[in-house]
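Asks: Supplied in structure tokens, the structure appears directly below.
Derivation of every value follows stated rules applied to the coordinates shown; laboratory data play no part. Because the structure is predicted, anything quoted here is derived from the model rather than measured. Positions of Cβ are generated from backbone atoms using ideal geometry, with glycine treated the same way; all protein chains shown enter the neighbour counts.
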Amino acid sequence: MAEFVEADNAEAIIIRIEHKSRKIESLLKQYKPVEALKTALEGSPPVTKDERCKSAIWIVVHRAIMAIKDVDSLFSALDPEYYDVLMK
């Protein structure tokens, strides 16, 4: 079972999430919402009890989801491996 991240490492997770957020914004500006969602879901959710990390990743995933206009096409374009991560 994965270990929870210590508070010292929470800052490192936040930095990775901020980097991921910038990449997602770039993809959204290129009109690639499915790629943005895949990027948001990669390595998610982080195994941590830190609420800042959980909140930050939720905001990133939510931003990517809200950019998608056609949910049916989302699921046909999204690999099944992302379904469980998305539901978490």
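Asks: Of the lysine pairs in the chain, how many meet both conditions: Cα atoms under 20 Å apart, and a spacing of 8 or more in sequence or different chains?
Replies: 18
Asks: Subtract the Cα-Cα distance of residue 52 and residue 15 from 0.36 nm times their separation in residues, and report this length gain in nm to one decimal.
Replies: 12.2 nm
Asks: Compute the signed sum of charges (Lys and Arg +1, Asp and Glu -1) over the other residues within less than 14 Å, Cβ to Cβ, of residue 88.
Replies: -2
Asks: Next question, about the same structure. Given an 8 Å cut-off on Cα distances and at least 6 residues of separation, report the relative contact order of the chain as a percent.
Replies: Taking the mean separation of contacting Cα pairs over the length of the chain, I get 34 percent.
Asks: In addition: Which label marks the calculated value of semi-axes √(5λ) of the Cα gyration tensor in Å, given the options (i) 33, 21, 11; (ii) 19, 18, 11; (iii) 24, 15, 9?
Replies: (iii)
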